[in-house]
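Below is one structure; the comments refer to it alone.
The values are calculated or read from the model by the stated rules, or taken from the named source; none is laboratory data. Since this is a predicted model, take the numbers as computed values, not measurements. We place every Cβ from the backbone using ideal geometry, glycine too, and count neighbours over all the protein chains shown. Remember, those area values only see protein heavy atoms, side chains included, never the ligands or the DNA or RNA. Shrake-Rupley method; radii C 1.70, N 1.55, O 1.52, S 1.80 Å.
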Amino acid sequence: MGTENSSSAGVEISEPLLLDTEKIRAVDDDKELIPEWKDQITIRGLVVSVLLGSLFCIITHKLNLTVGIIPSLNVAAGLLGFFFVKSWTGFLSKLGFSLKPFTKQENTVIQTCVVACYGLAFSGGFGSYLIAMDEKTYRLIGVDYPGNRAEDVKNPGLWWMTGFLFVVSFLGLFSLVPLRKVMVMDYKLTYPSGTATAMLINSFHTNTGAELARKQVRCLGKYLSISFCWSCFKWFFSGIGDSCGFDNFPTLGLILFKNTFYFDFSPTYVGCGLICPHIVNCSVLLGAIISWGFLWPFISLHAGDWYPANLESNDFKGLYGYKVFIAISLILGDGLYNLIKIIAITVKEICNKRTKQGSLPIVSEVLADSETSELLMEQKKRDEVFLKDKIPSWFAASGYVALAAISIATIPMIFPPLKWYLVLSSYFIAPALAFCNSYGTGLTDWSLASTYGKIGLFIIASLVGKDGGVLAGLAACGVMMSIVSTAADLMQDFKTGYLTFSSAKSMFVSQIVGTAMGCVIAPLTFWLFWTAFDIGSPDGPYKAPYAVIFREMAILGVEGFSELPKHCLAICCGFFVAALVINLLRDVTPTKISQFIPIPMAMAVPFYIGAYFAIDMFVGTVILYIWERTNRKHAEDYAGAVASGLICGDGIWTIPSAILSIFRINPPICMYFGPSVSS
């Protein structure tokens, strides 16, 4: 989701499971007429993709600018794509129009476009490296802070952000296209999110599945309406400023409220709790308890000794510095461990593949004799469809070289400290890192795009040095993060397309179209937030927590650790080592124990932001836990729809809320809570 995708908590979906669920339909699928790749991309599909891409970009921006945890919206994209096109074709059919049938291939193309589009709202850095360059973050850290120079400031601009996305976002798509057969067919990597989305889309386009899909859509619509109406109702009581309304409701008492422990009635965070794995939600709550329950009160007792007592709340030489740097140490510890782990797994499995002509351990196709023929026919048909429309390797290579050349010439114009030879060197190593990230995502479903971005940030910042190193490091982070993120997304979508009998060429084209949409829609929707709200204010709802963290990382890469508060480096080292040890324990202990060991990356988020969203997400996970215990089948069928409805409804309300804010129309009531005063 940190900024890593939080949906990726060790989900595993095996290939045989998918085949078993579909073996009954094998004969029917053989008779199914699979449309040509051009027919899988339709005008109505692109229109729906634009609408859903805009909505999901808004949701992603809101989460990026508030808590930084992004749940997977792939299933919601497939579900809403099915709903919109089915509703539209059904309406026109009743009017007597003759329309092309809605196929699962078209559904897959819509889902691919939407995911590519909203993916840029994450990898585009609107909540991290791009906004870390702005003047507000520079002033928040402090104009006198060593290494924080006014020259390393670049405020958000609609045109330069759009141009930057266009020159860096397509390279990842061309870097790994020649390896699609190796990753999907030869190594049979699972790509759990892609496989789960394929299962969902396949189920929609059967008679029984279509009925369940209609019920899921009704459920999603119901909770979307509830969420939208509740968010509208909350607005009337939120007053002027940031201390009014249900977002500041002291549900656990005023003392805990001061330490950010309260339920703020957010449908988005409750929805995230429903859609994220239990261990992610519990890790977030544990991190909140450790930091805001114990660590910050303990450090506050040493004000005047460890740091000056009269500092402002956002001064890095005080408690604020501990919050930011300890969060950074946890994030880096978790990221470094998982990076080394996934590279090791990748190398090991590739070596195993070369020495043993067998399948990877994560996929084992054990078939009974009675099933062998039928399933092999199914497999053969998938392979034929996937290989039918080839994407020439020369096209991918020449596309990568051409885009790299444009990018090398353009990026130094946007970011002068990032010289052309540094961009060129990044593009030499980017395909290898993109392969590692895509392979690791296929094995674990955990994309480490932001970790690779941070590596680029530290290396380039230290190479450039004090004269422009901060800006160059942040820009290099964006270059690396965009390439490895889009490459992993592409392979995930190739897996979905492979399992839904969609053409590889239609997947590639739809990914390019979706990326182009994202290059326009992501900056536009961010601009809506930027002009309407006070982005980056530490006391506001849109704190943009990762902006400060990423800028501090760049300063750290240039300056070192000299300016940290007293004992801060020792505490940071302790938490860095703790992140490594916790991850090691998760890997070496049996599953029945490791499933209860927290995730350091998730624990780190509330260290800086606060505990309130952890309470909301925990409420969501408790609801899901009870639901699963009372009716597991019902929970499996509808929990995703309920979560998506809650998140989407609150996300839709952001649009009228932003418009009201732009026109300076304020809520009429300020609901405020204070202690009772005895007479």
| request: Could you please let me know if Phe526 is of a type outside the set (Asp, Glu), more than 30 Å from Ala432 (Cα to Cα) and outside any helix (DSSP H, G or I)? | output: no
| Would it be correct to say that Lys215 is at positive phi and open to solvent by 20 Å² or more (accessible area, probe 1.4 Å)? | no
| message | Tally up the residues in region 395-412 that are more than 14 Å from Leu165 (Cα to Cα) and among the aliphatic types (A, V, I, L, M), please. | response | 6
| said: Suppose we filter Leu286, Leu301 for residues that are open to solvent by 30 Å² or more (accessible area, probe 1.4 Å), aliphatic (A, V, I, L, M) and under 15 Å from Ile571 (Cβ atoms); which single one remains? | reply: Leu301
| task | Give Met161, Met199, Met133 a once-over and let me know the one that is farther than 16 Å from Ala475 by Cα and of a type in the set (A, V, I, L, M). | result | Met199
| Inside region 227-301, counting only helices (runs of 4 or more DSSP H) that do not spill past its ends, which hold 3 or more residues that are more than 23 Å from Phe325 (Cβ to Cβ)? | 254-258, 267-275, 278-288
| task | Find the helices (runs of 4 or more DSSP H) located wholly in region 70-167 whose residues include 2 or more that are closer than 23 Å to Ile201 by Cα and in contact with an Asp or Glu (Cβ under 9 Å, 6 or more places away or on another chain), and list them. | result | 74-94, 104-123
| remark: The helices (runs of 4 or more DSSP H) lying wholly within region 530-647 that contain at least 3 residues that are touching a helix residue (DSSP H, G or I) at 6+ places or on another chain (Cβ under 9 Å), crowded, with 22+ Cβ neighbours inside 10 Å and not charged (D, E, K, R) are 545-559, 568-588, 600-609, 612-630
| Some residue of region 261-269 being of a type outside the set (Asp, Glu), open to solvent by 40 Å² or more (accessible area, probe 1.4 Å) and either under 30 Å from Lys566 (Cβ atoms) or within 29 Å of the chain's Cα centre (by Cα) (or both) | yes
| The listed residue being touching an Asp or Glu at 6+ places or on another chain (Cβ under 7 Å), of a type in the set (Asp, Glu) and at pLDDT below 75, out of Glu365, Glu371 | Glu365
| said: Given the options Asn155, Asn148, Asn107, name the one that is closer than 17 Å to Leu65 by Cα and in contact with a helix residue (DSSP H, G or I) (Cβ under 7 Å, 6 or more places away or on another chain). | reply: Asn155
| task | Evaluate the following for Ala76: is it under 24 Å from the mean Cα position of the chain (by Cα) and at pLDDT below 85? | result | yes
| query | Are any residues in region 473-499 within 13 Å of Val184 (Cα to Cα) and open to solvent by less than 10 Å² (accessible area, probe 1.4 Å), and if so, which ones? | reply | Ala488, Leu490, Met491, Asp493, Phe494, Lys495, Thr496, Gly497, Tyr498, Leu499
